[in-house]
1. Could you list, ordered by first residue, the pairs with Cβ atoms under 8 Å in which the first is in the range 216-237 and within 17 Å of residue 388 (Cα to Cα) and touching a residue at least 40 places away in the same chain (Cβ under 8 Å) and the second is in a helix (DSSP H, G or I) and open to solvent by 50 Å² or more (accessible area, probe 1.4 Å), at least 6 apart or interchain?
2. Residue pairs, Cβ under 7 Å, 6 or more apart or interchain, first in the range 159-181 and at positive phi and open to solvent by less than 20 Å² (accessible area, probe 1.4 Å), second of a type outside the set (Ser, Thr, Tyr) and at pLDDT below 95. List them.
3. Scanning for something modelled with pLDDT under 95, farther than 28 Å from residue 346 by Cβ and not in a loop (DSSP other than H, G, I, E, B), does the range 184-191 turn up at least one residue?
4. List the number of the failed condition for residue 210; all other conditions in (1) within 16 Å of residue 175 (Cα to Cα); (2) surrounded by fewer than 18 Cβ atoms within 10 Å (Cβ to Cβ) hold.
5. Can you name the condition, by its number, that residue 355 falls short on among (1) outside any helix (DSSP H, G or I); (2) in contact (Cβ under 8 Å) with a residue 24 or more places away in the chain?
6. Taking the condition of being outside any helix (DSSP H, G or I), at pLDDT 95 or above, closer than 17 Å to residue 381 by Cβ and not hydrophobic (A, V, I, L, M, F, W, C), how many residues in the range 193-212 meet it?
7. May I ask you to list the residues in the range 373-382 that are buried (at least 20 other Cβ atoms within 10 Å of the Cβ) and out of contact with any helix residue (DSSP H, G or I) (no Cβ under 6 Å at 6 or more places or on another chain)?
Amino acid sequence: MRRRIFGTTATTVVLGLLIPLAGCGGSGDSAGDGGTLHLVAAEYGDSPATSSKPYWDKMAEAFTAANPGIKVDVKLLPWADIDREVSRMVKAGKAPDVALMGSYSDFAAQGQLYPANELLSVTAEANFLQPLADAGSIGNTLYGLPFVASSRLLFYNQALFAKAGAKEPKTWSDLKTAAKALKDKGVAYPYALPLGPEEAHAEAMIWELSNGGGYADSAGNYALASDQNIKTWNWVKTQLVAPGLTGPTPPSKLNRADAFAAFLNGDVGMLNGYPSLAHEARAKGIGVGTIAMPVSDDLGVGENPPAVGVADWMMAFKQNGKRAEIAKFLDFIYQDKNLSEFANRYHLLPSTITASRTPAGGGLDKNDQQFLDALRGAQLYPVNDPSWLTVSDTIKRNIGRAVEPTGDPKAVLEDIAAQANQAAKKH
């Protein structure tokens with residue numbers, strides 16, 4: 001029997017929103033001393049200057065001042081290591097009290113996590129943006145507390161578009177027309193298609209949703225080799241990749257970070273991005289247009305598929321029995337001003353309704369409002385399914401083969417689907 005992986009509203013998440021940095025800060029595995037809460041968090045910065053450490057140092061000091069007797073020890077780990085390291089700590093009986101990372105469902109399935117209703121007030125639990133709350137829930141129980149989030153929109157270089165006489169694309173055929181005009185003007189990557197192993201599952205989902213497909217069917221079960229998805233990749237292969245509209249690097253070899261770097265160098269006409277890239281580009285003087293992903297010409301007029309949403313998760317472990325202390329810490333860290341300070345530091349979106357709109361939360365940069373609007377109706381990865389980590393890795397390692405010269409989109413998707421079904425059976 002195939003398990004339902006999505007709730008009533010289908011949902012989705014990217015494992016790590018920013019580039020990893022070497023781990024720093026905090027002590028080792030000692031999680032047992034009663035007066036200290038141990039937090040393991042992913043490092044969001046990509047250099048010492050942008051490290052998350054100053055934020056967590058400030059929060060730890062302020063929390064202890066407000067709650068004498070409860071100290072907070074923070075250990076930062078790179079995105080590449082944190083899932084494996086926290087799993088190791090849990091198995092060794094040395095779980096952190098709180099973790100901020102990209103996945104939670106494995107721990108929830110093992111009974112390792114406190115549900116939100118044992119930690120947060122009803123008001124606080126209801127304050128999360130709905131698509132994020134859906135993605136953080138297994139059944140009707142919230143285990144993964146969304147912390148920061150984003151959505152994906154199509155970016156285009158306004159100067160390159162003007163030079164090529166290209167117009168904002170609304171459909172796939174518009175996108176192809178714009179890409180051809182950009183190529184004719186010598187743009188290296190008319191449309192950057194990052195299907196390399198770093199984050200191919202994000203790009204893949206964006207394209208599939210824009211044709212009425214995606215990772216799940218209407219019943220909420222995996223549908224990775226659906227007719228819509230097969231049509232999507234046939235179109236991308238024959239209409240974009242084969243005519244040379246995706247640049248000199250084969251899509252299966254192009255990672256997100258490299259595509260973003262090329263965009264910041266002025267070598268990309270269009271790509272899918274999130275708020276921090278827009279801020280970086282504007283800081284370099286690049287005019288950026290941001291629009292919803294163009295839709296397949298096969299979709300009806302006025303159909304608006306959801307954007308892809310991304311989030312990272314705060315979770316509380318039962319192992320050390322510090323429910324009351326953890327509850328106090330979460331109440332503190334989810335205050336509008338504290339949550340927004342972290343989100344603003346990395347040009348991400350706070351996960352709560354109040355932090356994204358109130359003066360106390362600092363409000364939103366006007367350029368970020370479009371991303372918030374997209375997030376409200378977004379679809380997130382099925383992170384609430386314990387097999388998702390394996391499935392997402394399978395997609396990342398294989399979807400690029402669908403658009404290679406000798407690739408067969410139908411065969412590639414069916415292979416991915418078969419591997420996903422095997423992974424689901426193991427959980």
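The values are calculated or read from the model by the stated rules, or taken from the named source; none is laboratory data. Predicted model, so just to flag it, every value in this text is computed and none were measured. For neighbour counting, all protein chains shown are included, and Cβ atoms are generated from backbone atoms with ideal geometry for every residue, glycine included. Side chains included, ligands, DNA and RNA excluded: accessible areas come from the protein's heavy atoms. Shrake-Rupley method; radii C 1.70, N 1.55, O 1.52, S 1.80 Å.
1. Close Cβ pairs (under 8 Å, with a partner that is in a helix (DSSP H, G or I) and open to solvent by 50 Å² or more (accessible area, probe 1.4 Å)) amount to 222/421; 225/410; 225/414.
2. none
3. Initially, the range 184-191 is screened for residues modelled with pLDDT under 95, giving none.
So far as the range 184-191 goes, no, none of its residues is modelled with pLDDT under 95, farther than 28 Å from residue 346 by Cβ and not in a loop (DSSP other than H, G, I, E, B).
4. (2)
5. Only one criterion is unmet by residue 355, namely (2).
6. Of the residues in that region, 2 qualify.
7. Residues of the range 373-382 buried (at least 20 other Cβ atoms within 10 Å of the Cβ): 374-375, 378-382.
Across the range 373-382, the qualifying residues are 374, 375, 379, 381.
So that you can scan it fast, the table gives a plain yes or no per residue for (1) assigned to a helix (DSSP H, G or I); (2) open to solvent by 10 Å² or more (accessible area, probe 1.4 Å):
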| residue | (1), (2) |
| --- | --- |
| 319 | no, yes |
| 325 | yes, yes |
| 386 | no, yes |
| 395 | yes, no |
| 405 | no, yes |
| 415 | yes, yes |
| 421 | yes, yes |
